[in-house]
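Only the coordinates and a few stated rules stand behind these numbers; no lab work does. These numbers come from a predicted model, not from an experiment. Don't worry about glycine lacking a Cβ; one is built from the backbone with ideal geometry, like all the others, and counts go over all protein chains shown.
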Amino acid sequence: MPDRLTGMQIFVRVAATGSFSAAARALGLSQSGVTKHVAALEDRLGARLLHRSTRRLTLTEAGRRYLEACERILAEIDEAEAEAGAEAAEPRGTLRLNVPVSFGVLQVAPMLAEFGQAYPALTVELGLNDRPVDLIEEGWDLALRVGHMRDSSLVARSLAPCRMRVCAAPSYLAANGRPRRPEDLSQHNCLGYTLASSDGWRFEGTTVAVGGSLRASNGAALVAAAAAGLGVIYQPTFLVGDALRRGSLVALDLGDIPSLPIHAVMPSRRRPPAKVRALVEFVAGRFADPPWDRDLPAPLGADDPLPAAGGIPEAAERRPLARSA
């Protein structure tokens, strides 16, 4: 086992420096010793890890995957040894966190300054991605996910509810009328989120099929289009909250809408590393009272007056609206 770990450490340093000689100098070893360790590693694995040329070394595809695994393993060994020591382990190293794009930009990134002050020895690598990433295959320590869990092999901790709202700009509603029941949405220009699990908008007891002139893979883009008066959106309060407070969008009370859970998700292991536990506890504390839901205006009821929109009263003549299916 020690020889195997030594081989991993040497291989990681060779990959980082791009040469056997530079790695040997950094490790205080001979160049021939470093070369022999890497060769022995390739023999044991039965795969070539490096492309060798007279100018430089480059990783093969197998080498790239093995390097990612080595870095994770060595980091976990360092942390395990620190935690087993007499002093309490301080979260350190690099924590790779993956979050959805808009949620990460609006809600996660702003709190990382405070987290960094609390844990100065820890570097966060923030990945913004709306697709479901493979935590183990892609080397993520932690992910924040919105929606119901599908992969039972992962460990998940519930952090907060994700509440949904049906929203539109006052100008759109003044010009086109406002839906008063979920079924009325079929007559409106409903802007769609292409990564949603269903084309329909869910309400308690029913799902409504909708369509419109714009579909996008990013919720913030839909919020901007709706605020400009293009149509109706069905989006989480963490995205529409600021627009609702400004009045550029209003929420419509069409009935109860099921919430989605927001989870912290990590690879299955008996005890997460200290750096992961630190971030999960930090985020859980900030999301216990979701900041994006504070001071939100109440949704507009069927009998509530429509806010003014460019001087166009609700009773004004409604222009016909072309709607794509």
With x for Gly and Pro, the residue-by-residue ³J(HN,Hα) of region 35-41, computed from phi through the Karplus equation 6.51 cos²θ - 1.76 cosθ + 1.60 at θ = phi - 60° and given in whole Hz, is 4, 5, 4, 5, 5, 5, 5
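Using the Kirkwood radius over C-alpha pairs as Rh, can you work out the diffusion coefficient of the chain via Stokes-Einstein at 4 °C, viscosity 1.567 mPa s, in µm² per second?
56 µm²/s
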Modelling each spin label as a point 7 Å along the Cα-to-Cβ direction, I'd like the LEU74/HIS148 distance in nm, to one decimal.
4.3 nm
Those trypsin sites (Lys or Arg not before Pro) from region 110-207 that are DSSP loop and have at most 12 other Cβ neighbours within 10 Å turn out to be ARG150
Taking every pair of alpha-carbon atoms in region 164-252, what share in percent sits in each 5 Å bin, from 0 to the bin with the longest distance?
3, 16, 30, 28, 18, 5, 0
Here region 234-244 yields Karplus 3J(HN,Hα) values (6.51, -1.76, 1.60; θ = phi - 60°; whole Hz; Gly and Pro given as x) of 10, 9, x, 5, 5, 8, 9, x, 5, 5, 5
Length gained if LEU45 through ARG246 is fully extended, taking 0.36 nm per residue and subtracting the Cα-Cα distance, is 66.4 nm
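Counting other beta carbons within 10 Å of each Cβ, put SER198, SER19, SER171, SER102 in order, fewest first.
With the fewest neighbours first, SER198, SER19, SER171, SER102 line up as SER198, SER19, SER171, SER102.
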Percent antiparallel among DSSP beta bridges with both residues in the chain, to the nearest 5?
65 percent
Compute the distance from the alpha-carbon center of region 142-172 to that of region 12-45, in whole Å.
46 Å
Under-5 Å amide H pairs with LEU95, H placed in peptide plane, nonlocal only
THR123, VAL124, GLU125
If you bin every alpha carbon distance in region 2-84 into 5 Å steps from zero, what whole percent lands in each bin?
3, 15, 26, 26, 18, 8, 3, 1, 0
Net length gained if the chain between ALA224 and LEU296 were fully extended (0.36 nm per residue, minus Cα distance)
24.1 nm
